[in-house]
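Participant: Once you've had a glance at the structure underneath, I'll fire off some questions.
The values are calculated or read from the model by the stated rules, or taken from the named source; none is laboratory data. In this text the structure is predicted, and so the values were computed from the model without any measurement. Neighbour counts run over all protein chains shown; Cβ positions are idealised from the backbone, glycine included. For the accessible areas, the whole protein counts, side chains as well, though only heavy atoms, and no ligand, DNA or RNA atoms are used. Shrake-Rupley method; radii C 1.70, N 1.55, O 1.52, S 1.80 Å.
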Amino acid sequence: MAPRTVGLPSNVTAVEQLQHERFPAEEVQPLPDGQGGRARAADVGIEDSTPITFLVIGDHGGILDPDPQNAVSNAMQARALSDPRPAFLYSVGDLVYFYGDQSKYLPQFYEAYAHLQLPIVGIPGNHDGDTGDDPTRKPLDAFMANFCAASPKLPVGNEEYNRDVETQPYCDWTLALSAVTIIGVYSNVPSGGHLEPVQTSWLTSELTAAPSDRPLILAIHHPPYSVDAMHGGSKPMGDALDAAFAASARTPDLVLNGHVHDYQRFTRTLNGKPLSYVVIGNGGYHNLHHLAKDAIPGMQVSEEVVFEFGDAAHWGFLELTVDGQTITGAYTQVTREGQTAPNADAFTIGG
């Protein structure tokens, strides 16, 4: 008789979790009509500047328990009123749970960020593209309606929150700012992520075209590296990105991810140079993902990857400032009760 399954093991190690090669077989959702595009600051209502500061969150839909999401939102509201003032908020996905239909956007997006006076842009996560509640829906239909509209206007039914729908060109898109280029890619619904050939071709072309006189950031929901005890990192996703880096002869300075509900930062040595990866998936969803039992900041997890810092006990947001060739990062911890610890993790890239 086969042993019964009684939950996930709690004794996994960081090395075991860093990159998984195989994930459960799950259906790939078709992409929306259209193709990846580019936008400048004015196209999405952002005030461009050099240097520039912006905030990053992920996995922030508060479907079952709104308190963590509201605590992070309130902390970002306070941060947005102090100098240097953030120019916008970037989401690395999973804006709403559990399925990305329109009814979830009122409580988990428009109401939750009613008093956050910043443009909000970003990429979808697996829950944003999932149509498990209604397979007759088009995947990403609500995300496209709220973030990739033809023109800015108040959404019907949510007018009181005074936030226009966003005008990003597509779910895969490049934000071309004076100080930094941010390429965002939708990694679909399966647990390990998935990129269609048209997406990898587009990503390669965007990496190739990105200006070399300013830093380059890549955002994609599923993380290539993670030492959490729940999901782990995705080797297929890492391989897909590495192929695009090689084909374009361009490597970003920073890779931003979500999907895993905690905060983690890694430094990878690639072709003799450091490349930073940050998981910022603790933006408000109530359940956090524990780290592997032996995940200690500063540990060498593989020949080329160092686990620099992790936080699986708090929610929070990331602040990035780009000035010249330097990216400065600061992670703020937020408790359920709204207490904050700025600079819980601080780092500098380039310079």
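Participant: Could you check the simple spin-label distance between Leu154 and Ser49, using points 7 Å along Cα→Cβ, in nm with one decimal?
Facilitator: Rounded to a tenth, the inter-label distance reads 2.8 nm.
Participant: Hey, with R₀ at 45 Å, roughly what FRET efficiency would Arg38 and Ser103 work out to, going by the Cβ-Cβ distance, to 0.05?
Facilitator: Once rounded, the FRET efficiency stands at 0.90.
Participant: At R0 = 22 Å, how high is the FRET efficiency between Phe309 and His115 if r is their beta carbon distance? Nearest 0.05 is fine.
Facilitator: 0.15
Participant: Quick one: Karplus J couplings for the stretch 31-37, per residue in order, coefficients 6.51, -1.76, 1.60, θ = phi - 60°, nearest Hz, x for Gly and Pro?
Facilitator: 6, x, 4, x, 7, x, x
Participant: Accessible area per residue of the chain at 1.4 Å probe, in Å²?
Facilitator: Value for the chain: 42 Å² per residue.
Participant: In whole angstrom, how far apart do the alpha carbon centroids of the stretch 81-158 and the stretch 185-264 sit?
Facilitator: 21
Participant: Leaving ligands, DNA and RNA out of it, work out the accessible area of Thr335 with a 1.4 Å probe and give it in Å² to the nearest 10.
Facilitator: The value for Thr335 is about 30 Å².
Participant: Quick check: pseudo-label points 7 Å beyond the Cα along Cα→Cβ at Ala209 and Asp65, how many nm apart are they?
Facilitator: Distance between the two pseudo-spin positions: 4.4 nm.
Participant: Given that just one value was derived from the coordinates, which of (1) 19.8, 61; (2) 18.7, 65; (3) 20.6, 68 is Rg and Dmax of the Cα atoms in Å?
Facilitator: Checking each listed value against the structure points to (2).
Participant: Going by accessible area, probe 1.4 Å, with all protein chains left in place, what is the ranking of His222, His20, largest first?
Facilitator: If we order His222, His20 from most to least accessible, we get His20, His222.
Participant: Let me ask something additional. In whole percent, and with a 1.4 Å probe on the protein chains, what portion of the accessible area of the stretch 1-88 is carbon and sulfur?
Facilitator: That share works out to 50 percent.
Participant: Which part of the stretch 193-211 falls in the paramagnetic zone of Phe347, meaning amide N under 15 Å from the point 7 Å along Cα-to-beta-carbon?
Facilitator: none
Participant: Of Lys104/Lys138; Lys104/Lys293; Lys104/Lys153; Lys235/Lys293, which pairs sit farther than 24 Å apart, going by alpha carbon to alpha carbon?
Facilitator: Check vs 24 Å cut-off fails for Lys104/Lys293.
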